[in-house]
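The structure under discussion appears below in the form of structure tokens.
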Amino acid sequence: MALVLRTRSSCGDGRQKMNRIGTLLMAVAASVAAIAWGTYAGAREPVRHQVPAAPDGKSKVVGLCDGATSVVVPGVAAGESMAPEKAREVAGELMRRYEEKQQLAHGGAEHAQREMRVWEAELKRRIDEGYKLFHSPELGTNGISCDMCHPDASNTHPETYPKFQTQLKRIALLRDMINWCIENPMEGPKLPEDDERMKALEAYIISTRKGVPLAPGKH
């Protein structure tokens, strides 16, 4: 009887140990998922460039799209709109400063090799994402994927957009036709224009026509 009791106790201890391990593994998995989601969500957040404060705390400061070049505009208050002549003057000064920085940073070269490697890697990543989506039925609900009608993105002609599309009865961009195909042949939900999946699909489709001259409006 004592042997039986010890055996049961041993089994109970084993089950408790397995339960603790299972709980620990679930906690670890949840933590990893939370970190992954945070990273993914953070990557989707729009980039906001912060311009430096004006020395007097009142003047307008305008920043260039590189996120690093800025110009203080004396005589124009923060939040105030500039006159066209002044705006052109400020834009010209921003570009002059930017080009000067580029010359100093790269010794006259257009882009540093490191920058090119980063840009090429990011572009490849986005194109690869688009390729997977294009060849997957996950965008629709009926099992059809983009490549079933457009093998290797054939007959998509991204270089011809914007153009009038008979299906839409209006001037359309490439993303408009992507959504038309998702909503109709694929019976899926429309993708928002800022959706990362839409950007990936556009990147892949356009990449297949590299070197083809632009021909907006061509049918």
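At 7 Å along the Cα-to-beta-carbon direction for both Asp147 and Ala112, put a label point, then send me their distance in nm to one decimal.
Between Asp147 and Ala112, the label points sit 3.8 nm apart.
Could you list log10 I(q)/I(0) for the range 134-219 at q = 0.14 Å⁻¹, which the Debye formula gives when each Cα is one point scatterer?
Values, matching the q order: -0.45.
Leaving out same-chain residues fewer than 8 places away, which lysines sit with a Cα under 19 Å from that of Lys60?
Answer for Lys60, where 19 Å is the Cα cut-off: Lys86, listed by chain and number.
Rounded to the nearest 0.05, what FRET efficiency is calculated for Asn184 and Arg48 with R0 set to 25 Å and r the Cβ-Cβ distance?
Values: r = 36 Å, r/R0 = 1.46.
Result of the calculation: an efficiency of 0.10.
Among the trypsin sites (Lys or Arg not before Pro) in the range 149-183, which ones are in a DSSP loop with at most 13 other Cβ atoms within 10 Å of the Cβ? Mind listing them? Show your work: numbers first, answer last.
Values: sites: Lys163, Lys169, Arg170, Arg175; in loops: Lys169.
Filter output for the range 149-183: Lys169.
Could you run the Karplus curve 6.51 cos²θ - 1.76 cosθ + 1.60 with θ = phi - 60° over the range 62-78 and give me ³J(HN,Hα) per residue in whole Hz, x for Gly and Pro?
10, x, 7, 5, 6, x, 10, 9, 8, 9, 8, 10, x, x, 10, 6, 4
Rule-based calculations on the coordinates, nothing more; no lab input. Everything numeric in this text was worked out from a predicted model, so none of it was measured. Positions of Cβ are backbone-derived with ideal geometry, glycine not excepted, and every protein chain shown enters the neighbour counts.
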